[in-house]
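Please read the structure below before turning to the comments.
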Amino acid sequence: MAIQRLEHFLIQTADMAATRDWYVEVLGLTPGPAPEFHFPVCWLYVGDVPVLHLAEGGDQVPEARKAYLGQQSTATRGSGVIDHVAFNATDLAGTLERFRRLGVGCSTRRNSETGQVQVFVLDPNDVKVELNFAPAEAGDVEIGLSTEELTSR
């Protein structure tokens, strides 16, 4: 596995519009396109890179988000609002083999719109880490859930 770069982090919030507006007005991030996840998200960009994702938090999180991303915290204030940290990575098959060898549990997801494969693991502190792999790396990897499956939730 080779980590290429930090990709994004996700903040869960009780007020996506106000949070979005703060990052736009105060830090100069730019709202931009996001793939269809079948739950509300907002992606904020620096240039052409989506570095911050916003999603609904608290105890009103849509079932589709819980199914796709899970939810460890219902916090909407403080450090507990950071849902996950994401890295761009390569060598999906090698990464999954490494996790199997080390006994690290993971879940696999596919964004149906982009084809990107996402692998989620928890660090020793139960912080969710997302690894994003190019669609071409999917091969015969078994995918636990795809975003198109969320339409019925």
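Quick note: the coordinates plus some simple rules give every number you see, no bench work behind them. Everything numeric in this text was worked out from a predicted model, so none of it was measured. So basically every Cβ, Gly included, is an ideal-geometry build from the backbone, and we count neighbours across all protein chains shown.
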Burial ranking of peptide ranges 7-16, 32-41, 98-107 (average Cβ count within 10 Å, highest at the top): 7-16, 32-41, 98-107
Neighbourhood charge, 14 Å Cβ-Cβ cut-off, centred on LEU44 and excluding it, Lys, Arg +1 and Asp, Glu -1: -3
Calculated log₁₀ intensity ratio I(q)/I(0) where the Debye formula runs over C-alpha points of region 5-66, q = 0.22 Å⁻¹: -0.89
Backbone HN-Hα couplings from phi across region 44-51 [Karplus 6.51/-1.76/1.60, Hz, Gly and Pro as x]: 10, 10, 10, x, 9, 10, x, 9
Angle in degrees between helix 92-102 and the longest Cα principal axis of the chain, rounded to the nearest 10: 80 degrees
Charge dipole magnitude, Cβ of K and R +1, D and E -1 - the chain, Cα centre, debye nearest 20: 320 debye
Helix 16-27 axis, angle to the chain major axis (alpha carbon atoms, nearest 10°): 80 degrees
Per-peptide average of other Cβ atoms within 10 Å, ordering 131-143, 43-55 highest first: 43-55, 131-143
Size-normalised alpha-carbon gyration radius of the chain, reference 2.2 N^0.38 Å: 1.03
